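Working notes, beginning with the structure itself.
None of the figures in this text is laboratory data; all of them are computed from the coordinates on show. Nothing here was measured: the structure is a model prediction, and the numbers come from that model. All Cβ positions, even for glycine, are placed from backbone atoms using ideal geometry, and neighbour counts span all protein chains on display.
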Amino acid sequence: MPLVSVIVITHNRKHLVKEAIDSVLNQTFTDYELIVVDDGSTDGTADFVEQNYGGVLKVLRRPNGGPAAARNFGAAAASGSLLAFLDDDDVYTPTKLDAQVALFAAEDESLGIVGGGTHYMDIDGNLQGLPQLGLREVTHEHCCIIPSLPGIFSSVMTRKATWESVGGMDPDLRRAQDMDFVIRASKSWRVMNVPIVVVNTRAHDTPRVNVNFDVIYRCREKIISRIESPRIRRKARAWLYFSFFLRCWRARQPVRATTFLVKSFFVWPFYLAPGAERAKTLVNLLLRR
């Protein structure tokens with residue numbers, strides 16, 4: 001039985017999935033199985049993967065149901081006690097699995113999720129800006145407030161026991177399913193990050209990225225409403241409003257941006273958390289004008 005099951009989910013990305021798969025096959029860690037879940041592609045992605053990689057991975061086909069359902073489908077078929085996930089347009093760095101497996105081995109079984117640093121790249125694979133590294137250990141409260149912890153989901157490795165203990169991802173959420181999973185899991189399991197970049201992720205103009213703000217907002221509100229602690233729920237909602245202030249500001253919607261900014265400080269006027277420094281962010285925005 002392999003220690004790690006790597007699950008790549010793909011939908012109509014034949015032109016990109018090869019790079020994602022190759023980044024798994026080029027890992028320094030080798031005790032893994034590779035599962036590619038084709039989520040109802042119509043461009044021949046599944047056939048392409050089987051023809052080119054049939055001997056080294058397993059291809060699972062399913063009707064299109066979205067990323068959460070595809071990840072649940074892949075996890076159910078996984079043999080490993082650790083699960084790692086990869087989107088079809090992202091790329092693992094070569095020591096990703098090695099570093100995260102080592103951290104799991106060094107900690108006790110209360111550690112349920114390990115993330116790591118992210119570096120953005122353009123559609124051609126050129127790295128952009130500076131890498132983003134997470135906190136060494138992330139509390140449940142921090143996971144509730146900041147949705148990007150412990151990083152994008154392609155950076156995550158989780159125990160299969162952790163995944164199963166919370167029922168995997170919620171397929172009814174159209175967005176932020178990864179945030180919801182981490183919040184629910186972090187109530188009972190520790191969350192840590194390795195201090196290196198583990199994934200390069202593409203920023204490009206596709207439906208995955210260019211999603212209606214209102215859809216994201218409604219999903220985030222639903223997730224926040226499930227948080228048990230009223231204090232943490234208020235802090236999470238304050239950061240949600242502030243993040244949408246930033247979205248609207250960058251979209252040149254000043255009236256809507258101001259509304260979100262006022263709501264953010266009205267809900268929680270005090271300090272939120274490391275990485276959620278509203279005053280510092282506002283000063284930087286003003287200095288750039």
In deg cm²/dmol and to the nearest 500, what is the mean residue ellipticity at 222 nm of the chain if only DSSP H runs of at least 4 residues count, each as -39500 (n - 2.57), divided by the residue total?
-13000 deg cm²/dmol
Where Cα atoms sit under 23 Å apart: lysine pairs in the chain separated by 8 or more or lying on different chains:
14
Using a Förster distance of 25 angstrom, determine the FRET efficiency expected from the C-beta separation of Y120 and Q253, and round it to 0.05.
0.55
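Based on the Cα coordinates of the chain, what is the per residue volume of their convex hull in Å³?
Working: hull volume 37.8 nm³, N = 289.
Spread over its residues, the Cα hull of the chain gives 131 Å³ apiece.
How big is the Kirkwood radius of region 130-257, worked out from every pair of different alpha carbons and given in Å to one decimal? Intermediate values should be presented prior to the final figure.
Values: mean 1/r = 0.0635 Å⁻¹.
So the Kirkwood estimate lands at 15.7 Å.
Full-extension gain between T42 and V283, please, as 0.36 nm times their residue separation minus the C-alpha to C-alpha distance. If you can, show how the numbers build up before the last one.
Working: separation 241, 0.36 × 241 = 86.76 nm, distance 4.72 nm.
So the chain would gain 82.0 nm between T42 and V283.
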With everything on Cα atoms, drop me the angle between helix 96-106 and the longest principal axis of the chain, reported from 0 to 90° to the nearest 10.
80 degrees
Pairing the Cα long axis of helix 67-76 with the longest principal axis of the chain, what angle in degrees results, from 0 to 90 and rounded to the nearest 10?
40 degrees
Ranked highest first by the average count of other Cβ atoms within 10 Å around their residues, in what order do 132-144, 115-127, 252-264, 81-93 fall?
81-93, 132-144, 115-127, 252-264
Which one of R250, R226, R13 has the biggest mean-square fluctuation once the chain is modelled by GNM with Cα springs under 10 Å?
R250
